[in-house]
Each structure stands twice: as structure tokens, then as C-alpha cells.
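Asker: Quick one: the structure is below, and I'll ask about it shortly.
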Amino acid sequence: MIRSVVIWIFVGVINTLIWAFLAIFLSLFSASGRTSHFYCAVPWSKIILWASGVKVEINGLDAINKEKAHIYVPNHLSFFDIFALLAYLPVDFKFIFKEEIMRVPILGWAMRKAGYISIARSSPAKARRTFKQAVDMIKNGTSLVIFAEGTRSRDGHLLPLRRGAFQFALSSGCPIIPVAIKGTNKIMPKGSFKLKKGSITIQLGRPISTIKYKRENMPDLVERVTGCLRKMLEEKN
């Protein structure tokens with residue numbers, strides 16, 4: 001437990017503040033947030049993973065076009081899902097987070113400057129405006145990472161996927177890439193701040209075209225992505 005406390009204080013807090021302030025500064029020169037992503041978010045995450053004794057392996061990169069916009073839909077087990085994706089998914093992407101996370105002092109400001117998106121569930125009108133802005137970003141070439149389960153799984157099993165990610169995909173015509181993450185729940189499970197050394201595996205599925213899908217057959221798309229995720233999660237490393 002002492003190890004976890006030391007890591008959270010010196011790496012989780014101090015490391016975060018340093019990179020957050022740098023991201024805010026760099027945002028003055030890069031409105032898109034690309035600079036903040038590659039020169040702040042990526043090293044920030046790699047330092048956290050290194051200090052925590054975590055190794056990451058990512059597979060399937062050869063199946064994607066890194067210069068094309070995609071909507072990445074990973075399963076969600078732990079906060080370490082975020083660190084692993086930032087550190088090892090080599091594309092410029094934006095997260096969609098709950099509005100509450102954007103209210104965290106300094107970090108939330110840096111995340112906004114980096115172009116991350118928050119959906120205001122308390123205000124339907126604001127949520128619609130944010131949705132349209134996000135769709136425009138996708139059409140202009142920005143990839144999104146959306147944890148479609150909506151929350152972290154406690155037992156490691158895939159939770160039902162919510163429709164938000166698929167609404168973005170249908171409105172923008174953007175392909176979906178299922179992403180299976182394994183091992184993060186053993187490093188820091190939901191509800192715990194105790195850290196354990198370990199390894200993480202990220203498996204990217206092949207892009208799933210959304211052009212032929214409409215709102216009326218969205219459940220078919222949800223089922224297809226769910227099936228791909230389950231298959232990859234059940235495969236042995």
C-alpha cells in the first residue's frame with residue numbers, strides 16, 4: 001500500500017500537474033490539441049505506466065490506417081485503460097469523458113485545451129451542440145475513443161454497449177474499431193487505488209464500416225461490435 005501511495009503522490013499528482021501545465025501552454029500554439037496529445041499526454045501516460053511497473057503490448061496496428069479517422073470502442077476495466085491507450089495507440093485521438101471529469105482543477109482545463117470532449121447530460125441543448133461539434137471533428141479527420149460501456153466493469157466481463165458511440169459513427173460515417181484491453185483490472189481494479197505490477201495487452205480489431213447502417217438497424221451494428229469485442233477478449237494472449 002505504501003508503494004501505491006508514493007506512486008500516486010509523486011507520479012499521479014506531481015507528474016500530472018507538470019504535464020497539464022505544459023499542455024495548457026502548448027495549446028497556445030496548437031488549437032487542434034495534436035501537440036498536447038503527442039508531447040504531453042503520451043509521455044505523461046508512459047511515465048505512470050513505467051513507475052507502476054506496467055508493461056504494454058499492442059497488436060493489430062497493421063490493420064488500420066493511422067491517418068484516417070476512426071471511432072475506437074474499447075472495453076473498460078480500469079483507469080489504466082486510459083494510460084495504456086494514450087501511451088501506445090499511435091494516433092491523434094480525443095477521448096469523450098463525463099462532464100464531471102472536466103471539472104477537475106488544472107487537469108480538466110488541460111483536457112479541454114487538448115480537445116477532449118465532454119457531453120453535458122444535464123443540458124439536452126448543450127449536449128446536442130457538443131454532439132454536432134464532435135461529428136464535425138470526426139468528419140475533419142479526428143479520431144475518437146469512446147468507452148461505450150459507460151462505466152468500468154467490476155468482474156472483467158463486457159457490459160452492454162450504450163448507443164452513444166454508434167450515434168457518432170452513423171452521423172459521421174466513420175468506421176468503428178473494436179479494442180480489447182486485458183490486464184488493467186489486475187493492476188488497479190474498479191473501486192481500489194492499490195497498484196500492482198503487471199502487463200496489459202491491447203488488441204485492435206479490423207475496422208467495421210458503418211456506411212450501410214442506419215438508425216433503424218443500429219442494434220445490428222451494436223451486436224456486431226459487441227461480438228468482435230467478446231471474441232477478442234476470450235482469446236488467449
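Nothing in this text is a laboratory measurement; each read-out follows from the coordinates by a stated rule. Quantities reported herein were computed from a predicted structural model and do not represent experimental measurements. With ideal geometry, Cβ positions are generated from the backbone for all residues, glycine too; neighbour counts draw on all protein chains shown.
Asker: I need two numbers for the range 72-114: Rg to one decimal and Dmax as a whole number, Cα atoms only, in Å.
Answerer: Expressed in Å, the Cα Rg and Dmax of the range 72-114 come to 11.1, 27.
Asker: Divide the volume of the convex hull of the Cα atoms of the chain by its number of residues and quote the answer in cubic angstrom per residue.
Answerer: Measuring per residue, one finds 121 Å³ for the Cα hull of the chain.
Asker: Also, quick follow-up: Considering amide H positions built from the backbone, and no H for Pro or chain starts, which residues 5 or more places from ILE119, or on another chain, come under 5 Å of its amide H?
Answerer: Amide H neighbours of ILE119, under 5 Å, 5+ apart: PHE97, GLU99.
Asker: Here's something else I'd like to know. Whose amide H sits under 5 Å from the amide H of TYR72, counting only residues 5 or more places off or on another chain, with H placed in the peptide plane?
Answerer: Here the answer is LEU144, VAL145, ILE146, ILE177, since their amide H atoms fall under 5 Å of that of TYR72.
Asker: Rounded to the nearest 5, what % of DSSP beta bridges with both residues in the chain are antiparallel?
Answerer: In the chain, approximately 20 percent of DSSP beta bridges are antiparallel ones.
Asker: Related question: Just add up the charged neighbours of VAL225: K/R +1, D/E -1, any other residue whose Cβ is under 12 Å from the Cβ of VAL225.
Answerer: Spelling it out: positives minus negatives among the neighbours equals +3.
Asker: Determine, at each q value in 0.27 (inverse angstroms), the log₁₀ of I(q)/I(0) that the Debye formula gives when each Cα of the range 124-184 is one equal point scatterer.
Answerer: Calculated log10 I(q)/I(0) at the listed q: -1.20.
Asker: Dividing the alpha-carbon Rg of the range 52-143 by 2.2 N^0.38 Å yields what?
Answerer: Normalised Cα radius of gyration, the range 52-143: 1.19.
Asker: If N is the number of residues in the range 102-237, what value comes out of its Cα radius of gyration divided by 2.2 N^0.38 Å?
Answerer: 1.16
Asker: Could you name the aspartates and glutamates in cross-link range of LYS126, using Cα to Cα under 16 Å and dropping any fewer than eight places away on the same chain?
Answerer: In chain and number order, the partners are GLU99, GLU100, ASP136.
Asker: Also, I was wondering about something else. Using only the Cα atoms of the range 1-63, build the gyration tensor, take square roots of its eigenvalues as a ≥ b ≥ c, and label the shape rounded, prolate or oblate: rounded if a/c is under 1.5, else prolate if a/b is larger than b/c, else oblate.
Answerer: oblate
Asker: Right, here's the next one. Which ³J(HN,Hα) values in Hz, rounded to whole numbers, follow from the phi angles of the range 215-230 under the Karplus curve 6.51 cos²θ - 1.76 cosθ + 1.60, where θ = phi - 60° and Gly and Pro get x?
Answerer: 4, 5, 10, 4, x, 5, 5, 4, 5, 5, 5, 4, x, 5, 5, 4
Asker: What percent do you get for the relative contact order of the chain when only Cα pairs under 8 Å and 6+ apart count?
Answerer: Relative contact order for the chain comes out at 26 percent.
Asker: Which whole-Hz ³J(HN,Hα) couplings does the range 2-18 yield from phi under the Karplus relation 6.51 cos²θ - 1.76 cosθ + 1.60, θ = phi - 60°, glycine and proline marked x?
Answerer: Going residue by residue, I get 4, 4, 5, 5, 4, 4, 5, 6, 8, 9, x, 8, 5, 4, 5, 4, 4 Hz, with x marking Gly and Pro.
Asker: Taking the Cα centre of the chain as origin and charging only Cβ (+1 Lys, Arg; -1 Asp, Glu), how large is the dipole, in debye to the nearest 20?
Answerer: Approximately 360 debye in magnitude.
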